[in-house]
Amino acid sequence: MSYPSYIHLTDEFIDGLGNYVKKKGIPLDEVVEVFAGNGQLGLRLGLKSRCNITDSLLYASDDYQDEVNKDWDKQPQGVAVETAYETILRFSAEDGLNIRLLIMGAPLPALSYYCPSYEAAKALYHRFDAQILYIGELSDFAFASPKFFAHVQQVQDDDEQSFQTLVADRYDSKHGYFASEAFETPLDIRPFLLRFAPCSDERCDCRDDAKICGDVQAYGRKHSSVR
């Protein structure tokens, strides 16, 4: 069975991902999905509702509706309304929260100076010892940004290719939205295991975590005063 999403969600893929996470000994409380859309992947994987599944819900606006999301619930149950960067801040600021695997499926393209995918991956690197399960292409303008792709590297799983067999091989890239007639040339969508990797350009902000630290502290002060 498949589920409505930009990435092609099937029972086989979700079950394989669940088995991979279990095999790696990663508690579901430490798996977080950002850019989650209607949250079908995280919810069916068993992630914590309204905590470990987040999206800014831009598609709830008429300006962002398309053939995929037009029939989605505009206020999906279980999806926390926040950006990917805000999710990293929250997990960093609140006691008892940790991230070991960040799921980032088909993040929106960003060709301007600001890329939400890059900012989230950078914050993850500076605040957690975590990897990124990215689902998409690694060099296409349909997702993220050139800056994002310039600052990530693939992780080779050292456990008998368990990521390849349990996750990558179970993803059906031949069907789904990005393989449909909506594209003149279908995109070859695949799961990748990534890590953020700072570059050697001294002018780049990738090694500077001052703003991230400040934002985490501000988040903590704001929400402690609310409590």
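The values are calculated or read from the model by the stated rules, or taken from the named source; none is laboratory data. Nothing here was measured: the structure is a model prediction, and the numbers come from that model. So basically every Cβ, Gly included, is an ideal-geometry build from the backbone, and we count neighbours across all protein chains shown. For the accessible areas, the whole protein counts, side chains as well, though only heavy atoms, and no ligand, DNA or RNA atoms are used. Shrake-Rupley method; radii C 1.70, N 1.55, O 1.52, S 1.80 Å.
Look at His151 and say whether it is modelled with pLDDT of 95 or more and touching a Cys at 6+ places or on another chain (Cβ under 7 Å).
Taking the combined requirement at face value, the residue satisfies it.
Being open to solvent by less than 40 Å² (accessible area, probe 1.4 Å), closer than 24 Å to Leu89 by Cβ and either aliphatic (A, V, I, L, M) or part of a loop (DSSP other than H, G, I, E, B) (or both): is that true of Leu43 here?
no
Look at the stretch 50-78 and say how many of its residues are modelled with pLDDT of 95 or more, of a type in the set (A, V, I, L, M, F, W, C) and more than 13 Å from the chain's Cα centre (by Cα).
Final tally of qualifying residues: 1.
Looking for whichever is within 20 Å of Gly46 (Cβ to Cβ) and open to solvent by 50 Å² or more (accessible area, probe 1.4 Å) here; the options are Arg100, Arg127. Which one fits?
Within the list Arg100, Arg127, the selection yields Arg100.
Every residue in the stretch 175-194 that is without any contact (Cβ under 8 Å) to a residue 24 or more places away in the chain and either β-branched (Val, Ile, Thr) or under 28 Å from His151 (Cα atoms) (or both), please.
Matches in the stretch 175-194: Phe183, Thr185, Pro186.
Quick check, is Ala168 open to solvent by less than 40 Å² (accessible area, probe 1.4 Å), touching a Pro at 6+ places or on another chain (Cβ under 7 Å) and in contact (Cβ under 8 Å) with a residue 40 or more places away in the chain?
Spelling it out, it is not the case that Ala168 is open to solvent by less than 40 Å² (accessible area, probe 1.4 Å), touching a Pro at 6+ places or on another chain (Cβ under 7 Å) and in contact (Cβ under 8 Å) with a residue 40 or more places away in the chain.
Name every residue in the stretch 97-133 that is modelled with pLDDT under 95 and over 15 Å from the mean Cα position of the chain (by Cα), in order of residue number.
Correct list: Leu111, Ser112, Tyr113, Tyr114.
On the given criteria, is Thr83 within 12 Å of the chain's Cα centre (by Cα), of a type outside the set (A, V, I, L, M, F, W, C) and crowded, with 20+ Cβ neighbours inside 10 Å?
Judged against the criteria, Thr83 is not a match.
Please pick out the residue among Lys147, Lys74 that is surrounded by 20 or more Cβ atoms within 10 Å (Cβ to Cβ), more than 17 Å from Ile212 (Cα to Cα) and charged (D, E, K, R).
Lys147 is the lone residue from the list that is surrounded by 20 or more Cβ atoms within 10 Å (Cβ to Cβ), more than 17 Å from Ile212 (Cα to Cα) and charged (D, E, K, R).
Yes/no matrix, rows are residues, columns are (1) in contact (Cβ under 8 Å) with a residue 12 or more places away in the chain; (2) of a type in the set (Gly, Ala, Ser):
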residue: His8; (1), (2): yes, no
residue: Lys22; (1), (2): no, no
residue: Glu30; (1), (2): yes, no
residue: Lys48; (1), (2): yes, no
residue: Ile53; (1), (2): yes, no
residue: Ser92; (1), (2): yes, yes
residue: Ala106; (1), (2): yes, yes
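Within the stretch 171-227, restricting attention to residues that are aliphatic (A, V, I, L, M) and surrounded by fewer than 17 Cβ atoms within 10 Å (Cβ to Cβ), which residue is nearest to Ser117 (Cα to Cα)?
Checking each candidate, the answer is Ala197.
Filter the stretch 118-147 for residues that are assigned to a helix (DSSP H, G or I) and touching a residue at least 40 places away in the same chain (Cβ under 8 Å) and give the result.
Ala120, Ala121, Lys122, Ala123, Leu124, Tyr125, His126, Arg127 - these are the residues of the stretch 118-147 that are assigned to a helix (DSSP H, G or I) and touching a residue at least 40 places away in the same chain (Cβ under 8 Å).
Being part of a loop (DSSP other than H, G, I, E, B), hydroxyl-bearing (Ser, Thr, Tyr) and surrounded by 23 or more Cβ atoms within 10 Å (Cβ to Cβ), is that true of even one residue in the stretch 2-18?
There is at least one residue in the stretch 2-18 that is part of a loop (DSSP other than H, G, I, E, B), hydroxyl-bearing (Ser, Thr, Tyr) and surrounded by 23 or more Cβ atoms within 10 Å (Cβ to Cβ).
Which number in (1) aliphatic (A, V, I, L, M); (2) at pLDDT 95 or above; (3) touching a Leu at 6+ places or on another chain (Cβ under 9 Å) marks the one condition that Leu138 misses?
(2)
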